[in-house]
1. Go through segment 41-59 and give me each residue that's open to solvent by less than 50 Å² (accessible area, probe 1.4 Å) and either under 11 Å from the mean Cα position of the chain (by Cα) or closer than 14 Å to Val22 by Cα (or both).
2. Output the residues belonging to segment 1-29 that are of a type in the set (D, E, K, R), open to solvent by 100 Å² or more (accessible area, probe 1.4 Å) and within 23 Å of Thr59 (Cβ to Cβ).
3. Run Lys20 past the list (1) modelled with pLDDT of 90 or more; (2) in a loop (DSSP other than H, G, I, E, B); (3) closer than 22 Å to Gly9 by Cα; (4) not β-branched (Val, Ile, Thr) and report the number of the one that doesn't hold.
4. Considering (1) assigned to a strand (DSSP E or B); (2) at pLDDT 90 or above; (3) not aliphatic (A, V, I, L, M), say which one Gln50 fails and leave the rest.
Amino acid sequence: MLLDEPTRGLDEASLNELVKLVAELQQENKAVIVAAHDNYTPLGYTAHYQLEGGHLSRTGNAASSTPSSGA
């Protein structure tokens, strides 16, 4: 599943439902790709990548549970 700015404009109840849905998909070993312009998303992830200047780099992973500070 590809989500483009999925949390933008959501109220708290809708955000909570989205977080539950993404967690369920991850439990089913489904791929969920989230595109966002900010470095924070409450959806959780196993890897975090940043595209800057035409270059894609891995900036975080599940162990950190949040992107690295430079992301």
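The values are calculated or read from the model by the stated rules, or taken from the named source; none is laboratory data. Everything numeric in this text was worked out from a predicted model, so none of it was measured. Glycine also receives a Cβ, built like all others from the backbone with ideal geometry; neighbour counts cover every protein chain displayed. Only protein heavy atoms, including side chains, enter the accessible area calculation; ligands, DNA and RNA are left aside. Shrake-Rupley method; radii C 1.70, N 1.55, O 1.52, S 1.80 Å.
1. Here is the first cut: in segment 41-59, the residues open to solvent by less than 50 Å² (accessible area, probe 1.4 Å) are 41-45, 47-48, 50, 59.
Passing the criteria: Thr41, Pro42, Leu43, Gly44, Tyr45, Ala47, His48.
2. Initial filter on segment 1-29 (of a type in the set (D, E, K, R)): 4-5, 8, 11-12, 17, 20, 24, 28.
The next check asks that each one be open to solvent by 100 Å² or more (accessible area, probe 1.4 Å); those that pass are 4, 8, 12, 17, 20, 24, 28.
Result: Asp4, Arg8.
3. Every condition holds for Lys20 apart from (2).
4. Looking at each condition in turn, Gln50 falls short on (2).
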